[in-house]
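Quick notes on the structure that follows.
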Amino acid sequence: MNYEFDFGVVFAQWPLVLEGIVVTLRLAFFSTIFGFLLGTLCAVGRTGGPKWLQIVIGVYVEVIRNTPLIIQAYFIIFGLSSVGVRWPIEVGATFALVVNIGAYTTEIMRAGIESIKRTQIEAAECLGLGRLKIYLSIVVRQAMERVYPALTGQYVLLMLVTSVFSAVGVEELFGIANRIQSETYRNFEVFVLLGIAYLALSMLVRLAFFLLNLALFPRRRRLGTTL
């Protein structure tokens, strides 16, 4: 084996790598926030909405969960542009991620909502609380607490899956790594460092969710059941 390792050539490209990391985290951040909101609204609609709404949400969830993300991305970014819907590539990628993660969040939050005992809702109604207040203060909060570990795992996976969007021209971390290896021909060094970078980002995202868990659910902290 005559291959000579040279990580210095790759390290010299750190400004590009940093730019890719920022894009990756930006995609993950906005997709997580809007995906959670979309998924929670759909979960509420699927558990307590009218029949027609439950059917529409059910179709949305099944279509998204049973088709590849890359197909969804191509349709949203390039397919819709054919009918006049055009937006910056990063905005399109974020929208595709929101639509995708929203479907998975719907099912996770639905499981949490259905675990809430009906007697709690009936007690709140007896106290004169409105439906919106009941869902925000009692149902959604408790449901989120119960499924928080599952949500955390799903959103860490969301950060990792942003690498798919290098295929549609988004210069996130994986896209930048591909550019560097094509210019330096240091495939081994580039992908070793890329793996380390994704591992570090995963740990960072998990730490962020751990701290958020402590802030949102103090009861978990008292019971010693934090992530």
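Would you check if there is a residue in the range 26-42 being surrounded by 12 or more Cβ atoms within 10 Å (Cβ to Cβ), farther than 30 Å from Val192 by Cα, of a type in the set (Gly, Ala, Ser) and in contact (Cβ under 8 Å) with a residue 60 or more places away in the chain? Yes, that holds for at least one residue. Listed by position, the helices (runs of 4 or more DSSP H) inside the range 43-146 whose residues that are within 16 Å of the chain's Cα centre (by Cα) and without any contact (Cβ under 8 Å) to a residue 60 or more places away in the chain number at least 2 are 51-65, 89-114. Candidates in the range 157-192 are the residues that are surrounded by fewer than 19 Cβ atoms within 10 Å (Cβ to Cβ) and aliphatic (A, V, I, L, M); of these, the one that is nearest to Ile77 (Cα to Cα) is Val168. Got at least one residue in the range 120-137 being closer than 30 Å to Asn2 by Cα and either basic (Lys, Arg) or crowded, with 19+ Cβ neighbours inside 10 Å (or both)? No, the conditions are met nowhere in the range 120-137. Of the numbered criteria (1) within 30 Å of Asn213 (Cβ to Cβ); (2) surrounded by fewer than 17 Cβ atoms within 10 Å (Cβ to Cβ); (3) among the β-branched types (Val, Ile, Thr), the one Ile71 fails is (1).
Could we say that Gly79 is at positive phi and of a type outside the set (Ser, Thr, Tyr) here? No, not satisfied.
Residues Gln142, Gln154: which one is farther than 30 Å from Phe7 by Cα and modelled with pLDDT of 90 or more?
Numbers: Gln142 fails: modelled with pLDDT of 90 or more.
Only one candidate passes the filter, namely Gln154.
The residues on offer are Glu183, Glu90, Glu114, Glu107, and the sole one that is modelled with pLDDT of 85 or more and under 22 Å from Leu201 (Cβ atoms) is Glu90.
The values are calculated or read from the model by the stated rules, or taken from the named source; none is laboratory data. Only a predicted model underlies this, so the values are computations on that prediction, with no experimental measurement involved. Note that we place each Cβ from the backbone using ideal geometry, even for glycine, and neighbour counts take in every protein chain shown.
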